[in-house]
Ligand SMILES: Nc1ncnc2c1ncn2[C@@H]1O[C@H](COP(=O)(O)OP(=O)(O)OP(=O)(O)O)[C@@H](O)[C@H]1O
Ligand SMILES: [Mg+2]
């Protein structure tokens with residue numbers, strides 16, 4: 001069974017401790033959102049889980065294997081800016097991970113085309129990144145991450161730079177694709193509503209060094225609808241998390 005276990009992880013940059021003895025578990029198919037103040041260590045934690053940043057102590061185990069070294073096939077990462085290669089077409093950007101894995105050209109382009117269509121970009125196979133809007137670039141980034149069929153998807157504020165309408169649409173699309181191909185997701189966001197709307201579970205982190213202040217099992221059934229954002233239980237949880245974050249920052 002695919003699962004992620006982070007245990008006893010500590011990390012300092014020079015004399016600045018970012019994580020001290022932090023642990024978390026993610027179950028197969030679980031969607032977990034991470035909330036926390038700016039600079040607390042969320043991106044650092046994601047990079048550690050992705051194997052791109054070393055730890056001072058502790059372990060990251062994905063599907064029974066220690067995560068070490070460079071980005072592996074079990075993980076897919078989506079950044080805030082889609083971070084596409086400007087000299088590659090949309091299709092070739094999506095196919096990039098498969099190329100690294102040594103998948104033959106014909107097969108990787110076929111698979112990339114499938115995911116590009118899945119994110120609503122049929123007809124944009126040959127477009128260059130600069131010809132795409134921010135939202136479209138973000139879709140390419142999502143297709144690229146799904147294309148390698150990762151067990152674990154790491155998303156670092158993937159919709160942070162988008163306008164509200166595009167963000168709402170991409171939230172629903174992400175859930176649709178995730179439901180079709182369930183996998184573990186760790187989703188960093190500053191949006192409390194976004195976390196409540198998307199996640200099965202939310203971890204609220206303190207200011208640096210990041211530690212989990214609170215874990216919230218999101219009580220809303222799927223499929224979730226926009227209208228739930230007006231329900232009393234949603235508003236109450238939103239208020240509770242907001243106060244928790246504000247109190248921690250000013251404490
Ligand atoms: N490569 C690095 N070298 C030195 N310090 C770093 C490095 N990466 C991060 N830091 C420091 O670690 C701390 C946590 O940074 P991180 O990017 O993980 O925060 P974050 O929670 O993702 O913040 P934000 O919400 O603003 O993205 C910050 O104090 C930052 O300056
Ligand atoms: Mg960050």
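Which of the residues spanning the range 2-26 are within 15 Å of ligand 1 (Cβ to nearest atom) and without any contact (Cβ under 8 Å) to a residue 60 or more places away in the chain? Matches in the range 2-26: 6, 9, 10, 11, 12, 13, 14, 15. Evaluated against (1) part of a helix (DSSP H, G or I); (2) surrounded by fewer than 16 Cβ atoms within 10 Å (Cβ to Cβ), residue 196 falls short on exactly one condition, (2).
Residues to consider are 41, 58; find the one that is surrounded by fewer than 20 Cβ atoms within 10 Å (Cβ to Cβ) and either within 13 Å of ligand 1 (Cβ to nearest atom) or touching a residue at least 24 places away in the same chain (Cβ under 8 Å) (or both). I'd like the intermediate steps shown before the answer.
Values: 41 fails: surrounded by fewer than 20 Cβ atoms within 10 Å (Cβ to Cβ).
Exactly one of 41, 58 is surrounded by fewer than 20 Cβ atoms within 10 Å (Cβ to Cβ) and either within 13 Å of ligand 1 (Cβ to nearest atom) or touching a residue at least 24 places away in the same chain (Cβ under 8 Å) (or both), namely 58.
Taken together, the residues in the range 189-229 that are in contact (Cβ under 8 Å) with a residue 40 or more places away in the chain, over 20 Å from residue 247 (Cα atoms) and within 18 Å of the chain's Cα centre (by Cα) amount to 5.
Check whether at least one residue in the range 37-44 is part of a strand (DSSP E or B), touching a helix residue (DSSP H, G or I) at 6+ places or on another chain (Cβ under 6 Å) and under 19 Å from residue 190 (Cβ atoms), and report yes or no. Taking every residue of the range 37-44 in turn, none turns out to be part of a strand (DSSP E or B), touching a helix residue (DSSP H, G or I) at 6+ places or on another chain (Cβ under 6 Å) and under 19 Å from residue 190 (Cβ atoms). Taking the criterion of being in a helix (DSSP H, G or I) and either more than 8 Å from ligand 1 (Cβ to nearest atom) or closer than 13 Å to residue 22 by Cβ (or both), the residues of the range 45-55 that qualify are 45, 46, 48, 49. Restricting attention to the range 212-237, the residues that are closer than 27 Å to residue 8 by Cβ and crowded, with 16+ Cβ neighbours inside 10 Å add up to 3. The one condition from (1) part of a strand (DSSP E or B); (2) more than 24 Å from residue 183 (Cα to Cα); (3) more than 16 Å from ligand 2 (Cβ to nearest atom) that residue 85 does not meet is (1).
Bear in mind that the values in this text are calculations on the coordinates, not laboratory data. Bear in mind that the values here come from a model prediction, so they are computed numbers and not experimental data. We place every Cβ from the backbone using ideal geometry, glycine too, and count neighbours over all the protein chains shown.
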